[in-house]
Amino acid sequence: MKSFFLSRFASFKHAFHGWKYVLQTQRNAWIHGIVAAAVLLLGLWLGLPARDWAVLILTISMVFAAEFINTAIEAVVDLATSEHHPLAKAGKDVGAAAVLIAALAAVLVGLLILGPPLWARLTALFAG
């Protein structure tokens, strides 16, 4: 039983090292973090219901997961070859495309969830 808990602890330790690596090496992860923080603060200000929070948290997580997977792909490709190979380029480009798709979907989800209550709040502020 002790070895089970020690191996779980080691797994979390490795995961946090990966998280640290992404934050230290990927500028886009910081951009995602800033945008996510702004969305979360806006959601608090708007008083979103629980279901909207669930969708926003899943969407933010999807973008971060895509960014982390893309970073892993880039690291493995860089480890495998230092030459400019068409397949290495394809792997990196597809990983970047996955992040782009996740980010664009997140923007659409954000507009759908935050747009109507934000519009109502701003209209009430400036109309009254």
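Over the chain, dividing the summed -39,500 (n - 2.57) contributions of all DSSP H runs of at least 4 residues by the number of residues returns a 222 nm mean residue ellipticity of -33000 deg cm²/dmol. Each Lys and Arg contributes +1 and each Asp and Glu -1, all at the Cβ; summed about the Cα centre of the chain, the dipole is approximately 420 debye. Shown here for the range 32-128: GluC sites (Glu not before Pro) in loop regions (DSSP other than H, G, I, E, B) with at most 16 other Cβ atoms within 10 Å, namely 83. Look at the Cα gyration tensor of the range 1-40: its axes a ≥ b ≥ c give a/c of at least 1.5 with a/b at or below b/c, and that counts as oblate. Of all complete DSSP H helices in the chain, those with a Cα span along the helix axis of 30 Å or greater and a mean Kyte-Doolittle hydropathy of -0.5 or more are 2-25, 50-80, 86-127. Give the shape of the chain as rounded, prolate or oblate, defined through the alpha-carbon gyration tensor: a ≥ b ≥ c are the square roots of its eigenvalues, a/c under 1.5 means rounded, and otherwise the shape is prolate if a/b is larger than b/c and oblate if not. Oblate is the answer for the chain, as a/c is 1.5 or above yet b/c matches or exceeds a/b.
Ligands, DNA and RNA aside, residue 82 has an accessible area near 120 Å² when probed at 1.4 Å.
In this calculation the C-beta distance from residue 30 to residue 61 is compared with R0 = 22 Å, giving a FRET efficiency of 0.85.
Each of the peptides 103-113, 84-94, 48-58 was scored by the mean count of other Cβ atoms within 10 Å over its residues; in descending order, highest first, they stand as 103-113, 48-58, 84-94.
The values are calculated or read from the model by the stated rules, or taken from the named source; none is laboratory data. None of these values were measured; they are calculated from a predicted model. Please note: Cβ atoms are built from the backbone with ideal geometry, for glycine as well, and neighbour counts cover all protein chains shown. Accessible surface is based on the protein model in full, side chains and every heavy atom, while ligands, DNA and RNA are left aside. Shrake-Rupley method; radii C 1.70, N 1.55, O 1.52, S 1.80 Å.
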